[in-house]
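Undergrad: The structure is given below, and queries will be raised subsequently.
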Amino acid sequence: MTTRQRRRGPSLEAALLDAAWEELVELGYAKLTMESVAARASTGIAVLYRRWSNKDELVLAALEHYRSSHPVEVPDTGTLRGDLLAALTGMGEARAAFFAVAAAAAFSGLLAGTGLTPAQARDRIIGDQRLSRVQTMYQRAHDRGEIDLERTPAAVLAMPFDLVRHDLFMDLKPLTPARIESIVDDLFLPLTQTPA
């Protein structure tokens, strides 16, 4: 007879957040309840309330957990343009479902329930990783002489990724190759070129 091992600590928390994500995807924010998440995770509701005071906090934590446990790889193609095209394409493909779920939750009452502004919710869900994961890519380009990081404002470095996030929120589907090429070739690269 096999006995089921009791989950504890990070393992239990990950299982709870995975269950909350699955409920969000299948039921949506409005129908998700603490009870439905507890049932899906095969645990008691008190286990949830010991970690999150309400549904809104649980949903925010589930969104954060999903994003952090499904990182988008930062490519190394040998050129800044190639890296950006690959990174933005990968981001669009990997994050389309995430943004669809997050947007649906926001419009279904998550923002009202938490009192967060859209910018505050974005910062909480995305965290401080908005530029940290791609800084290596930019540093490689700087080392190759393709970009001058000392002269390129942080807003310019963030811009391609911010535009992809914007399009994902607006369209809820991956960006077309033409749109990604336009972001890189027409908007980003001209802003990083130093005057002759």
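The values are calculated or read from the model by the stated rules, or taken from the named source; none is laboratory data. Keep in mind the model is a prediction, meaning the values are calculated, not measured. All Cβ positions, even for glycine, are placed from backbone atoms using ideal geometry, and neighbour counts span all protein chains on display.
Undergrad: Taking the stated definitions as given, is A86 in a helix (DSSP H, G or I), over 26 Å from D18 (Cα atoms) and among the small types (G, A, S)? Spell out how you get there, then give the answer.
TA: Values: in a helix (DSSP H, G or I): yes; over 26 Å from D18 (Cα atoms): yes; among the small types (G, A, S): yes.
So A86 fits the description; yes.
Undergrad: A follow-up question, please. Tell me the helices (runs of 4 or more DSSP H) entirely within the stretch 34-81 that contain at least 3 residues that are in contact with a Lys or Arg (Cβ under 9 Å, 6 or more places away or on another chain). Please lay out each step first, then the result.
TA: On the way: elements: 34-40, 45-49, 55-69.
By residue number, 55-69.
Undergrad: While we're looking at this one, here's another question. Among the numbered criteria (1) touching a His at 6+ places or on another chain (Cβ under 9 Å); (2) outside any helix (DSSP H, G or I), which single criterion is violated by E13?
TA: The number of the failed condition is (2).
Undergrad: Let me ask something else. Tell me which residues, restricted to the stretch 157-196, are of a type in the set (S, T, N, Q) and either touching a residue at least 24 places away in the same chain (Cβ under 8 Å) or in a helix (DSSP H, G or I) (or both). Outline the logic, then answer.
TA: Residues of the stretch 157-196 that are of a type in the set (S, T, N, Q), as a first pass: 176, 182, 192-194.
Those that are of a type in the set (S, T, N, Q) and either touching a residue at least 24 places away in the same chain (Cβ under 8 Å) or in a helix (DSSP H, G or I) (or both): S182, T192, T194.
Undergrad: Please indicate, with yes or no, whether at least one residue in the stretch 53-61 is at pLDDT 90 or above and of a type in the set (S, T, N, Q).
TA: Yes, the stretch 53-61 has at least one match.
Undergrad: Let me ask something else about it. Do we have any residue at all in the stretch 141-154 that's loosely packed, with under 14 Cβ neighbours inside 10 Å, more than 25 Å from L63 (Cα to Cα) and small (G, A, S)?
TA: yes
Undergrad: Looking for something over 30 Å from D185 (Cα atoms) and either in the same structural domain as L163 (by TED's automatic domain parsing) or buried (at least 19 other Cβ atoms within 10 Å of the Cβ) (or both) - is there at least one such residue anywhere in the stretch 80-91? Steps first, please.
TA: Quick first cut of the stretch 80-91, residues over 30 Å from D185 (Cα atoms) only: none.
No, there is no match, as no residue in the stretch 80-91 is over 30 Å from D185 (Cα atoms) and either in the same structural domain as L163 (by TED's automatic domain parsing) or buried (at least 19 other Cβ atoms within 10 Å of the Cβ) (or both).
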